[in-house]
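What follows is one structure encoded as structure tokens, with my remarks underneath.
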């Protein structure tokens, strides 16, 4: 077979051709002694590095303007030691609300009570001892089913109040306790049968269900205030992305304006639900979604540190517990 001749090929000029990478986008070598913002300025203006810088700026702008910033998270961020960073973001006025799955409450309470959490599942499962810690179940289930709480107090508030009253030795590491102290709502979204406390005789399914559904309605109220605000999903692959999507639908159905919404998913791998239910669908045509992939124990503290520097340059965020901007009201 005769090879095809390339003599008639039509060429173009490199200097006229659009290109995706330019010299102005290249990284700069780090100079010791600089600030974190200087490090971010040294990153290449490409892909995730560009998204990181823009996401930090978007959240800083929302906080500075008094908009609502919410954090939805799984339990893993607590297990890798991020509670103090999250509490600091609450105390600094950055976060106006936090949403947890059921496992998040368990690890938060265990840390507060004993200063440790996360058992070896493999070692205990075949012995019938996995998830059988008495104090964990009795404390959480007792708080939720306490007379006067059922139907009136959400899951997160009930446990947070109980921690404040008990004042356990490691309460300073508890997100729920800090939220109760600061008056910041923490909602808990339980999937029945997924948590170790559901196996205990102290479990009251009706009380837990009522408390978690009340928290869903509180979460819907928080989401209804997300016009020009921010929703961050940290390490929840299924439960919180699904809950967030339903809350967005409730807000839209009731006529709330969510235009200008920024969403951010941070996890150590990409999952379907966070990508479509957090990053893409809620922001389609009215906002922007970011996806940053990295280890929770590195990525989130880095993000929060960059955010605090950006806010310091602006003069700092609003005080903790400040009411959200009223522009989220229904149309």
For this session: Test residue 87 against the stated conditions and say whether it is closer than 23 Å to residue 216 by Cα, assigned to a helix (DSSP H, G or I), modelled with pLDDT of 95 or more and not assigned by TED's automatic domain parsing to the domain that holds residue 316.
Result: no
Exercise. Being in contact with a strand residue (DSSP E or B) (Cβ under 7 Å, 6 or more places away or on another chain), within 22 Å of residue 88 (Cβ to Cβ), in a loop (DSSP other than H, G, I, E, B) and at pLDDT 95 or above, is that true of even one residue in the stretch 242-263?
Worked result: no
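How many residues, within the stretch 58-84, are surrounded by 15 or more Cβ atoms within 10 Å (Cβ to Cβ) and in a helix (DSSP H, G or I)? Spell out the reasoning first.
Filtering the stretch 58-84 down to residues surrounded by 15 or more Cβ atoms within 10 Å (Cβ to Cβ) leaves 58-64, 66-80, 82-83.
Checking the rest, the ones that are also in a helix (DSSP H, G or I) come to 58-64, 76-79, 83.
Counting residues in the stretch 58-84 that are surrounded by 15 or more Cβ atoms within 10 Å (Cβ to Cβ) and in a helix (DSSP H, G or I) gives 12.
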Exercise. Residues in the stretch 180-192: is at least one surrounded by fewer than 18 Cβ atoms within 10 Å (Cβ to Cβ) and within 24 Å of residue 238 (Cβ to Cβ)?
Worked result: yes
Problem set entry | Among the residues listed as 34, 115, the single one being at pLDDT 95 or above and loosely packed, with under 15 Cβ neighbours inside 10 Å | 115
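Do we have any residue at all in the stretch 314-325 that's at pLDDT 95 or above and part of a helix (DSSP H, G or I)?
Step one: of the stretch 314-325, the residues at pLDDT 95 or above are none.
No - not one qualifying residue is present in the stretch 314-325.
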Exercise. Taking interchain pairs and intrachain pairs at least six residues apart, which have beta carbon atoms under 7 angstrom, with the first residue in the stretch 282-311 and free of Cβ contacts under 8 Å to residues at least 40 places away in the same chain and the second surrounded by 20 or more Cβ atoms within 10 Å (Cβ to Cβ) and assigned to a loop (DSSP other than H, G, I, E, B)?
Worked result: 283/261; 286/258; 286/261; 287/261
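Residue-by-condition table, conditions (1) more than 15 Å from residue 150 (Cβ to Cβ); (2) in a strand (DSSP E or B); (3) touching a strand residue (DSSP E or B) at 6+ places or on another chain (Cβ under 6 Å); (4) outside the structural domain of residue 73 (by TED's automatic domain parsing):
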{"site": "179", "(1), (2), (3), (4)": "yes, no, yes, yes"}
{"site": "191", "(1), (2), (3), (4)": "yes, no, no, yes"}
{"site": "194", "(1), (2), (3), (4)": "yes, no, no, yes"}
{"site": "201", "(1), (2), (3), (4)": "yes, no, no, yes"}
{"site": "206", "(1), (2), (3), (4)": "no, no, no, yes"}
{"site": "220", "(1), (2), (3), (4)": "yes, no, no, yes"}
Exercise. Is it the case that the stretch 92-104 has a residue that's over 25 Å from residue 248 (Cβ atoms) and either in contact with a helix residue (DSSP H, G or I) (Cβ under 8 Å, 6 or more places away or on another chain) or not in a loop (DSSP other than H, G, I, E, B) (or both)?
Worked result: yes
Seminar exercise, completed: Residues of the stretch 110-131 being farther than 13 Å from residue 179 by Cβ and assigned to a helix (DSSP H, G or I), in sequence order, are 110, 111, 113, 114, 121, 122, 123, 124, 125
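The values are calculated or read from the model by the stated rules, or taken from the named source; none is laboratory data. This structure is a prediction, so every number in the text was calculated from the model and none was measured. Virtual Cβ from ideal backbone geometry, glycine too; neighbours counted across all protein chains shown.
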